[in-house]
Amino acid sequence: MTPDPPVVIDLNPREQRLYDRLRARVAAPPAGGRVGPQDLLLLLPDLTVLLVRLMRDDRVPWSSKALAFLGTGYLLSPIDLIPDLLLGPIGLIDDLLVVGTVLSRMLNHVHPDVVRSHWSGPGDVLEVVKRVSAWIEQQLTGRLKGAVRALLGPSSRTS
């Protein structure tokens, strides 16, 4: 099996530069190249910018663009499952769930080099999305099990 040929990336400098300059001012890279707390705060904006950039890329299939559009629409919508204004940072969890799920699905249909070319955050975007997806799965399965146990309650146990 031969490896995929590299994809030639032609970036739009104006589009990339604005967010990258803003990000560089907010999160200067720490010594040693480690990920700092500011990178965790910028995770959702980094993933959102990635979604928008992938939506605008001609190499991304239209079905993935439609999914990215729906995910971005949810982020911009004032209606949330967990209200951001009332719960502060905790209210961003549903946004992270949506963005992580959309990106996880998109990675199956978009060449990794295309995705990497649009990433502004630290590290490899594929590893970041993998870790976010694993966290989402862990949260959802844990919450689902808890909800089922609560619904069934003690009356479902037989002696």
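Taken together, the values in this text are just the output of simple stated rules run on the coordinates, not laboratory data. Every value quoted in this text rests on a predicted model; they were computed, and no experiment measured them. Glycine also receives a Cβ, built like all others from the backbone with ideal geometry; neighbour counts cover every protein chain displayed.
Numbers for the structure displayed
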| item | result |
| --- | --- |
| Student exercise, segment 38-149 dipole from Lys, Arg, Asp, Glu Cβ charges, in Debye to nearest 20 | 340 debye |
| Gain on full stretching of the segment that runs from residue 149 to residue 41 - 0.36 nm per residue minus C-alpha separation | 35.6 nm |
| Whole-Hz ³J(HN,Hα) from phi, Karplus 6.51 cos²θ - 1.76 cosθ + 1.60, for segment 95-108, glycine and proline x | 5, 5, 4, 5, 4, x, 5, 5, 5, 4, 5, 5, 4, 6 |
| Two-decimal log10 I(q)/I(0) for segment 38-149, as the Debye equation yields it once each C-alpha is a single scatterer, q = 0.10, 0.13, 0.18 Å⁻¹ | -0.29, -0.50, -0.92 |
| Extension gain (nm, one decimal) between residue 139 and residue 111, 0.36 nm per residue minus Cα-Cα | 7.3 nm |
